[in-house]
Number of protein chains: 2
Amino acid sequence: MSTRILDHPSVGEIRLEAVLHALAEPVRLEIVRFLADSGRGVPCSEIELAVSKSTGTHHYRVLREAGVIRQVYHGTAKLNSLRRDDLDALFPGLLDSVIAATRRRPASEAPS
Amino acid sequence: MSTRILDHPSVGEIRLEAVLHALAEPVRLEIVRFLADSGRGVPCSEIELAVSKSTGTHHYRVLREAGVIRQVYHGTAKLNSLRRDDLDALFPGLLDSVIAATRRRPASEAPS
DNA sequence: ATCGTAGTTTGACATTCGTCGTAGTACGAC
DNA sequence: GTCGTACTACGACGAATGTCAAACTACGAT
């Protein structure tokens, strides 16, 4: 059998450092931006990343273990969504400001 | 002679990932919290950190190179201050939410 | 039962990171 | 000048991180 249920940190277990660390990476920031835009559970396969599949899996896990996203299985797909409510309650304004900044500067960009 | 003038990124050079990475570390977060509380140029020696002096220097540099703090020499002391204005302009709400969260959970803490 | 799709796990690797001690530089005071 | 204070620079070290390919598991459909 499988561990089809994924471990998520409870709200009380979410640490600021872990969240910031999770967000401080271009690939993961791209995932967060995408999830913020599409609002609902998105399968990993729908988000095109510039890295291999296993690296993608790794980044999703970092985000989940930091408490940034929620992942639930739905058949063979794994639906990802932002934990907006929890993060907003813990760190009001944090996610909003990061997402807003990410939208202004599309992904990763070179300074002028 | 000396390089008594320190390089700071211009506002346009500040990258979100670098700022988040700089903030995603307990010692650096402690420095930021301290600077936010005391408002003005604070010498490194005034902030007691749980690491050696050379490690402290390293963390100050990471913060400066990410654009989070400004450092200016004043005699032999190096005065540190938050780049609140620049960060607020670039990422409105980000610094505020991080500082607020840091104040709620003193430094680094274990989940319940 | 077979196949394909979706995602994971396991090693491996190079890079970055946080840490330290030691030696060094810059400046003010004496 | 000499001394002390404040901070830096240089290795060095182990730990963590991002990356990949290859082999694997889980599920749905045929």
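Only the coordinates and a few stated rules stand behind these numbers; no lab work does. Since the structure is predicted, the reported quantities are computational estimates derived from the model, not experimental observations. Cβ sites come from the backbone with ideal geometry, for glycine too, and all protein chains shown count toward neighbours.
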Could we say that A:A77 is of a type outside the set (F, W, Y) and either surrounded by 15 or more Cβ atoms within 10 Å (Cβ to Cβ) or more than 16 Å from DNA strand C (Cβ to nearest atom) (or both) here?
no
Residue in segment A:75-91 that is touching a Pro at 6+ places or on another chain (Cβ under 6 Å) and not in a strand (DSSP E or B) present
no
Qualifying residue in segment A:12-19 (condition: more than 27 Å from B:P26 (Cβ to Cβ), more than 14 Å from the chain's Cα centre (by Cα) and within 11 Å of DNA strand D (Cβ to nearest atom))
no
Criterion violated by A:S97 - all others in (1) touching a residue at least 12 places away in the same chain (Cβ under 8 Å); (2) among the hydroxyl-bearing types (S, T, Y); (3) within 17 Å of B:H21 (Cα to Cα) satisfied:
(1)
